[in-house]
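First comes the structure, then the notes that go with it.
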Amino acid sequence: MSKTRVAAVQMVSAPEVAPNLDAAGRLIAAAAAAGARLVALPENFYMIGRQDTDKLGAREPEGAGPIQDFLSRTARAHQLWIIAGTVPILGSDERHIRGACLVYDDSGKRVARYDKMHLFRFTSGDERYDETRTLEPGERPVAVQSPFGRLALSVCYDVRYPELYRALGAFDAMFVPSAFTVPTGAAHWETLLRARAIENQAYVIAPAQGGEHAGGRRTYGHSMIVDPWGEILAVQPEGEGVVLAEMDLARIREVQAALPANDNRRMH
């Protein structure tokens, strides 16, 4: 079968890890009950603290820790694949972590890790963000082969850099787990996601944070799934929930046959 039901989970993460893992577990279970075989969690699903440095306290060594154990156990229990937004993996010093997007297969085995490469900086009025204070950038793009096709990994701000995806060659779906701010989300989120789907002729699955968090930060939400023609298949504006759609490999081939954009590319 060429069709797979996929889910993008929207959360409004709290400042403590345990309640967020409970919420993620409940939402993954709901996605599984609805027939999803591939579930994607948003960036920072494990925590959005009152201040940026709070997440340093949740950092885990490579391959072990409560967050990674939860992901492995949950994938195995529901027999589905999980694209885990970002997990706080130890950085090179105590003041930094890696924003690691981890992929678990339906046996609970971790099969890929992508560290967020592009770190967000933004200033607008009273809103100021600089991820370089707490995050180290990753070094290379990553795609993973799966039963559902070739999956390209990215995180949030990465979506503004189309060359990241071009470097991976052809793929069937790309994931953009995010925690977009409201000003940038309202202006650019949908446009960027649809553009990446159209130019790569691939599905885009974009789970997001969507609401007001404990420190007063607001995230834009609008978790969505976009098809290879740029059509939005499903979206949730705000609040926690599960966005579901069918990912159809035959639809990708249909779009590529009608408009052979990759074959028509000319490099200068």
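Contact map, the stretch 172-201: first residue at negative phi, second residue among the acidic types (D, E) and open to solvent by less than 30 Å² (accessible area, probe 1.4 Å), Cβ cut-off under 8 Å, separation 6 or more or different chains; pairs are V176/D158; P177/E43; S178/E43; A179/E43; A197/D227. State whether one or more residues within the stretch 131-143 are within 19 Å of T219 (Cα to Cα), open to solvent by less than 10 Å² (accessible area, probe 1.4 Å) and assigned to a helix (DSSP H, G or I). No, that holds for no residue. If you scan the stretch 12-49, which residues turn out to be free of Cβ contacts under 8 Å to residues at least 12 places away in the same chain and not small (G, A, S)? Within the stretch 12-49, P19, D22, R26 meet the criteria.
On the stretch given as the stretch 173-195, residues that are in contact with a helix residue (DSSP H, G or I) (Cβ under 6 Å, 6 or more places away or on another chain) and either basic (K, R) or more than 16 Å from G85 (Cβ to Cβ) (or both) total 1.
Here is a yes/no grid of residues against (1) among the aliphatic types (A, V, I, L, M); (2) within 21 Å of S2 (Cβ to Cβ); (3) touching a Cys at 6+ places or on another chain (Cβ under 6 Å):
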residue: Y161; (1), (2), (3): no, no, no
residue: M174; (1), (2), (3): yes, yes, no
residue: V182; (1), (2), (3): yes, no, no
residue: A186; (1), (2), (3): yes, no, no
residue: A197; (1), (2), (3): yes, yes, no
residue: R217; (1), (2), (3): no, no, no
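The requirement of being on the phi < 0 side of the Ramachandran plot, in contact (Cβ under 8 Å) with a residue 40 or more places away in the chain and charged (D, E, K, R) is satisfied by D52.
Restricting attention to the stretch 162-213, and to residues there that are hydroxyl-bearing (S, T, Y) and under 26 Å from Q256 (Cβ atoms), which single residue is surrounded by the most Cβ atoms within 10 Å (Cβ to Cβ)?
Step one: of the stretch 162-213, the residues hydroxyl-bearing (S, T, Y) are 165, 178, 181, 184, 191, 203.
After this cut, where a residue has to be under 26 Å from Q256 (Cβ atoms) as well, the list is 165, 191, 203.
Details: Y165: 23, T191: 9, Y203: 28.
In this case the residue turns out to be Y203.
The values are calculated or read from the model by the stated rules, or taken from the named source; none is laboratory data. Model, not experiment: these values are computed from the prediction. Quick reminder, even Gly has a Cβ in these numbers, built from the backbone with ideal geometry, and neighbours come from all protein chains shown. Quick note on the areas: whole protein, heavy atoms, side chains included, nothing else; ligands and nucleic acids left out. Shrake-Rupley method; radii C 1.70, N 1.55, O 1.52, S 1.80 Å.
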